[in-house]
Amino acid sequence: MQDDNLSRTTGSVVLQVGALELLARYSMNSGRATSMLSSIHEFRSQEVEQAGGKQWNWKYLRDQFYQKDLEGLYRKYDNKLRETLIYIYVSLLVFFSTIHITSVVVSTYYKNLEWKSTYLAVAMYLLRVGIPLILLCKSIYIPLKERWCLVPIVTTVILTVDLVLSDITVSIVSAYESSYLQPAYVTVALLAVYIFLPMRNNFIAITLGAIVSASYTFVIAFVSYYSNPQREVMIASYIIYLIGVNLMGIYFRLMNEIITRRSFLDRRACVESTLRLKFVKEQEERLMLSILPEHIMSKVRQDIRHMFLNIRSHSYSHNMRSFSQLYVEEHDNVSILYADVVNYTKISTTLSPLRMVELLNELFGRFDEASEEHDVLRIKFLGDCYYCVSGIPKPTSQHAKNCVDLGLEMIHIIKDVRKVINYTYLLLLEKNAH
């Protein structure tokens, strides 16, 4: 460099890619579809091979949850879904009860009827709506459920008893006034037990459904149709109807559990696949940044990605062994700093390979932190040499000062690391002496 150009430093960074396999894998991963559909498809393909077609079997799914220790997490997920069904049930109950109360009051008023069961019916409908509104209030139900695990079962039993008693009471009382009414909420009661109410235990749900059916059958047989000449036919038809509703409720309940567990596993697989891919990308990103500067790495990655896309589209034939493209950038007014570890050979002979790698990692890690602090770009490692440049990719007039400040801080860092090395060496000598 001539004397009149001593204040000007020209750096030419020439980088040839030596980590093509890493960059290629990263480029392919970056272009890979990571949607939920692809993750679920991959998960189900693997599961079909392992399960042999049992992935939609109710018992198989339950066993999978217990084997993978997912039952507790699934119950929390299922409770959230059931909370939505509870509020749908309350809304429907309020809607139908309001219509029923209005119909009873209007019909009684226009027909000038005065009978005790009218007032009782209104009271029962208000009770039917009031208890669920109080019991399922968020400020009451959720704290109790978090404190006691039996709260969903107790709540289901109480709401079912409330619905059934408020319904059959009207039929029983009206029968004494020679007005034989058929219970109106049998279907609602059974569907509430199997679908809407928060109890998760299938056996208890089926038992409760059978008790509800028996109660309504008793009222129909000995109250509503007691004096009907076709009593046996009506009772038989009613029993067949109840059996159909129960079977439909049981089928819906089991299928709903299968679908919920299946969707839970699919979503978990999707999240797990996304997190795994994200972790791999971050690992490869850090490894690439340890080889190439960031602004060069982005260009290399983009070129390799285009190359693989062209190969996939069969519009480009490329020989991987002939990949020798150079990424050359010329920068003016830059300063280059080389930091070498003195007596590296001697140090490497005194320490074990693992300990040596740990010390170099600590040393170069602290160099990286200092480089970022002083606006210096680390280019690469050359053995035990730390190679960095100031003034790229963003030009700065303080490039020389940055390198000098970094060099002074590196001296202090090396002294600290040498103290650790000397202490380790003394311990090693003391161990050998013993």
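Scanning region 250-297 for residues that are within 25 Å of N361 (Cα to Cα), of a type in the set (S, T, N, Q) and assigned to a helix (DSSP H, G or I) turns up just one, Q283. Residues in region 157-166 that are within 18 Å of F196 (Cα to Cα), in contact (Cβ under 8 Å) with a residue 24 or more places away in the chain and surrounded by 15 or more Cβ atoms within 10 Å (Cβ to Cβ): V157, L159, T160, D162, L163, V164. Based on what the data block shows, is R253 among the basic types (K, R) and closer than 27 Å to C149 by Cβ? So R253 passes the test. Condition check: over 20 Å from G130 (Cβ atoms), open to solvent by 60 Å² or more (accessible area, probe 1.4 Å) and in a helix (DSSP H, G or I). Does I204 satisfy that? For I204, the condition - over 20 Å from G130 (Cβ atoms), open to solvent by 60 Å² or more (accessible area, probe 1.4 Å) and in a helix (DSSP H, G or I) - is not met. Checked against the criterion of being farther than 22 Å from T156 by Cα, of a type in the set (S, T, Y) and surrounded by 15 or more Cβ atoms within 10 Å (Cβ to Cβ), the candidates S179, S174 yield just one match: S174.
Within region 231-238, can one find any residue that is charged (D, E, K, R) and under 23 Å from L126 (Cα atoms)? Checked against the condition, which is being charged (D, E, K, R) and under 23 Å from L126 (Cα atoms), region 231-238 yields no hits at all. A Cβ distance below 6 Å, combined with a sequence gap of six or more or placement on separate chains, defines the contacts here; from region 333-362, residues that are modelled with pLDDT of 80 or more reach residues that are part of a helix (DSSP H, G or I) and open to solvent by 30 Å² or more (accessible area, probe 1.4 Å) in the pairs S335/A400. Among the helices (runs of 4 or more DSSP H) confined to region 42-145, the ones with at least 3 residues that are at pLDDT 75 or above and of a type in the set (K, R) are located at 71-110. Where the second residue is assigned to a loop (DSSP other than H, G, I, E, B) and the first is β-branched (V, I, T) and lies in region 177-193, which pairs have Cβ atoms under 9 Å and are six or more apart or on separate chains? Within 9 Å, the pairs are V193/M199.
Counting only residues that are among the small types (G, A, S) and touching a residue at least 12 places away in the same chain (Cβ under 8 Å), region 231-274 holds 3 of them. Scan region 207-228 for residues that are within 18 Å of I243 (Cβ to Cβ), open to solvent by less than 20 Å² (accessible area, probe 1.4 Å) and either small (G, A, S) or touching a residue at least 60 places away in the same chain (Cβ under 8 Å) (or both) and the total you get is 3. Within region 229-286, the residues that satisfy the criterion of being at pLDDT 90 or above, aliphatic (A, V, I, L, M) and open to solvent by 70 Å² or more (accessible area, probe 1.4 Å) are I240, I243, L247, M248.
Screening the candidates V341, V376, V357 for the property of being open to solvent by 60 Å² or more (accessible area, probe 1.4 Å) and among the β-branched types (V, I, T) yields one hit, V357. Evaluate the following for I195: is it open to solvent by less than 60 Å² (accessible area, probe 1.4 Å), at negative phi, modelled with pLDDT of 85 or more and part of a helix (DSSP H, G or I)? Judged against the criteria, I195 is a match.
The values are calculated or read from the model by the stated rules, or taken from the named source; none is laboratory data. Small disclaimer: the values here were computed from a predicted structure and weren't measured. Cβ: placed from backbone, ideal geometry, glycine included. Neighbour counts: every protein chain shown. Surface accessibility is based on the protein's heavy atoms, side chains included, excluding ligands, DNA and RNA. Shrake-Rupley method; radii C 1.70, N 1.55, O 1.52, S 1.80 Å.
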